Amino acid sequence: MPQILVHDLTKRFHVAVRDPGLAGAFRGLVRRRSREIVALASIGFSLERGELLGLIGPNGAGKSTLIKILSGILRPTSGRCEVDGIVPWIERIAHVARIGVVFGQRTQLWWDLPVIESFELLANIYRVPKAQYSRSLEQLVEMMKIAPVLEVPLRQLSLGQRMRCEIASALLHSPTILFLDEPTIGLDAISKLAVREFVKTLNREHGVTVILTTHDMHDIEALARRVIIIGNGRILTDSNFEAMRDEVRGERRLIVEFAEDVVDIEFCGATLKSREGRTVEFAFDPSRSPAHELIASIAARHEVEDIRVEDAKIEEVIARFYSIHGAAES
Amino acid sequence: MSTLSLAQPYLAVLAARFSLMLQYRTAALAGFVTQCWWGIIKIMVLAAFYAGGADQPITLSQAITYVWLGQAFLALLPWQADADISIAAETGNVGYERLRPVDTHVLWLMRAIAWRVANATLRAVPMFGIAALLLPVIGLRAWAWQPPATLLASLMFALSITLTVLLSSTFTVLLNCAVVALKTRRASNLAPLFVNSLSGMVVPLVLLPAWAQGFLFWQPFAGLVDIPYRIYFGNLAGNAAFAGLFAQALWTCVFFVLGRAWLSRVMNRIDMQGS
């Protein structure tokens with residue numbers, strides 16, 4: 001039986017709207033109007049224990065709403081959702097004791113308290129036995145490399161340090177499922193790598209089920225085997241990450257820095273993607289026009305300073321995916 | 001599960017918050033100075049009022065003690081919602097409260113108790129030092145905070161002021177709910193109006209017209225100021241004192257039940273849009 005089961009899940013919000021201008025404001029005093037927003041429209045999927053699922057989608061697609069329903073914060077408008085056989089918003093306390101949640105843009109640690117005191121408070125709130133607490137603390141501190149900041153109040157930490165503490169704090173009670181909502185947002189490269197490495201270990205070695213939302217395709221690339229793309233509250237695709245990447249492999253990029261100003265830059269088998277001064281980017285399909293032929297034909301006609309070949313970026317593929325499905329943020 | 005481990009999360013939050021509040025010494029000092037200042041002004045007004053000569057239900061010395069008690073325990077008055085919960089409500093972080101495997105209502109109540117008690121302790125102790133100990137020494141005994149009427153009165157006062165803490169904290173949870181429901185801390189802006197005027201903090205309730213006393217005694221806010229202080233200097237004694245304690249306990253229960261119902265309602269309705 002799958003660990004997480006979501007069936008026909010729908011969430012609608014009502015937001016107040018008013019007509020523009022002063023007249024609109026006065027009208028709003030008398031008659032309130034609201035507009036309905038469909039955050040999730042009949043979503044369904046299931047997840048086995050130990051899976052790592054990447055959720056991606058443009059802003060406002062419904063990713064966070066889905067995480068909030070799964071974690072028991074929000075009630076859906078209709079539909080079913082079970083985590084380990086528990087309906088999150090009905091048996092909330094039993095449910096949240098077994099999950100860990102990190103929202104990248106929010107903090108759940110106490111702003112004025114030293115990190116270690118927040119940890120201890122959380123351990124008490126989750127009723128973690130003393131021995132188990134010191135064991136997981138030791139492990140988490142080492143893995144997240146946060147030993148030097150434990151005594152520092154949260155507000156004095158950098159974003160990267162803070163996020164590592166946040167993730168550690170979500171795991172003090174050894175949850176079997178971890179929800180990460182944009183865990184790498186705003187982090188520097190080193191912190192991003194640390195977070196990814198940690199999530200990977202947690203999933204592969206400790207068997208923790210992870211659902212991760214992100215805008216950073218490198219997160220997905222490094223972590224997720226399975227990817228669900230959400231747009232306009234619907235699942236656009238639910239597939240294997242490898243398969244998605246293979247689709248992209250068909251297209252590669254050739255970036256040429258010319259040594260001279262070039263006017264005519266049409267080449268057979270390559271389409272112009274962008275141009276900035278003397279640097280020009282082409283797209284080509286290696287199965288039809290091999291890279292070496294293309295390079296030779298360019299070098300034969302122009303003075304060239306430098307040439308590189310790159311895979312198309314996964315971001316671009318996803319962006320294309322959004323626009324095909326009309327899911328780009330409107 | 002043993003009672004201790006059942007209570008563990010709530011006691012931990014109570015302790016953490018209490019120790020955090022004790023750190024805000026500068027705020028406490030500023031508050032203390034302001035309270036001394038207002039205490040002096042109120043006493044001067046009362047003295048002028050008593051100089052008018054008419055018979056009053058409490059003596060000037062009792063009225064002065066009333067003022068000092070009020071200034072010492074000012075921080076027990078539920079003027080506004082919990083600051084952290086207000087911020088969380090405004091930023092949408094309040095959903096995080098639902099991620100904890102605890103009863104949110106009890107948790108908020110504990111936070112409120114810790115907040116009120118820590119704040120009041122920080123101010124009551126120096127106020128007692130100045131108004132009850134220092135003033136008599138420097139020859140201002142007539143203007144000082146007097147000792148309780150009897151030993152029994154002091155015990156009943158201890159019970160009554162404990163009920164004041166609970167009454168105030170259960171009411172704070174109601175303010176929290178209002179703030180969460182409307183997503184702005186201004187939702188609790190009306191509270192000071194009722195809390196100040198109906199508790200006796202502005203004018204001791206006992207000095208208001210006799211025909212209003214029945215209503216004033218049984219409305220919820222009397223239990224914040226008027227009832228415990230009158231018990232302290234013996235104006236409410238015997239059955240009247242028990243009636244006062246009963247009124248406090250009754251309203252605490254009412255606020256507790258209302259708070260539970262309202263909290264579960266607002267929590268089912270929070271939307272927390274965006275991320």
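The C-alpha atoms of chain A define a longest principal axis, and helix A:115-125 lies at about 50 degrees to it. Take each residue of peptide A:122-131, count the partner chain Cβ atoms within 10 Å of its Cβ, and average: the result is 4. Anything in chain B that counts as a DSSP H helix reaching 20 Å or more along its axis (C-alpha) with Kyte-Doolittle mean of at least -1.0? List them, would you? Going by DSSP H runs, the hits are B:3-22, B:25-51, B:104-127, B:151-182, B:239-269. In region A:48-246, the DSSP beta bridges split such that about 30 percent are antiparallel, to the nearest 5. The aspartates and glutamates within cross-link reach of residue A:130, meaning a Cα-to-Cα straight distance under 13 Å and a gap of 8 or more places when in the same chain, are A:120, A:138.
Kirkwood radius, region A:48-246, all distinct C-alpha pairs, inverse of mean reciprocal distance: 17.3 Å. Among the residues of B:94-106, the average count of other protein chain beta-carbon atoms within 10 Å of the residue beta-carbon is 6. From the square roots a ≥ b ≥ c of the eigenvalues of the alpha-carbon gyration tensor of region B:124-171, which class results: rounded (a/c under 1.5), prolate (a/b over b/c), or oblate? Verdict is oblate for region B:124-171.
Coordinate range of the alpha-carbon atoms in the protein assembly as shown per principal axis, descending: 112, 62, 48 Å. Run through the DSSP bridge list for the protein assembly as shown and note the antiparallel percent, rounded to the nearest 5. That works out to approximately 70 percent antiparallel. Taking the inverse of the mean reciprocal distance over all distinct Cα pairs, the Kirkwood hydrodynamic radius of region B:3-269 comes to 19.4 Å. Checking the cross-link pairs A:145/B:183; A:68/A:192; A:192/A:273; A:68/A:200; A:63/A:192 against a 26 Å limit on the alpha carbon distance flags A:145/B:183; A:192/A:273 as lying beyond it. Between A:295, A:185, A:167, the GNM of chain A built on Cα springs shorter than 10 angstrom shows A:295 fluctuating the most. As a check on your grasp of the helix formula, calculate [θ] at 222 nm for chain A: sum -39500 (n - 2.57) over DSSP H runs of n ≥ 4, divide by the residue count, round to the nearest 500. The helix-only estimate for chain A comes to -10500 deg cm²/dmol at 222 nm.
Nearest 10 degrees is fine. How inclined is helix A:314-324 to the longest principal axis of chain A, computing both from alpha carbons? With both axes taken from Cα atoms, the answer is about 90 degrees. With the charge dipole of chain B set up from +1 on Lys and Arg Cβ and -1 on Asp and Glu Cβ about the Cα centre, the Cα lying farthest toward the positive end among the listed residues B:119, B:203, B:52 is that of B:119. Backbone phi angles across region A:172-184, fed through the Karplus curve with coefficients 6.51, -1.76 and 1.60 (θ = phi - 60°), yield HN-Hα couplings of 4, 9, 6, x, 8, 10, 10, 9, 10, 9, 6, x, 9 Hz in residue order; Gly and Pro are listed as x.
We did not get these values from a lab; they are worked out from the coordinates using the rules stated. Quick caveat, the model's predicted, so the values are computed rather than measured. Here Cβ is always computed from backbone atoms with ideal geometry, including for glycine, and neighbour counts include all displayed protein chains.
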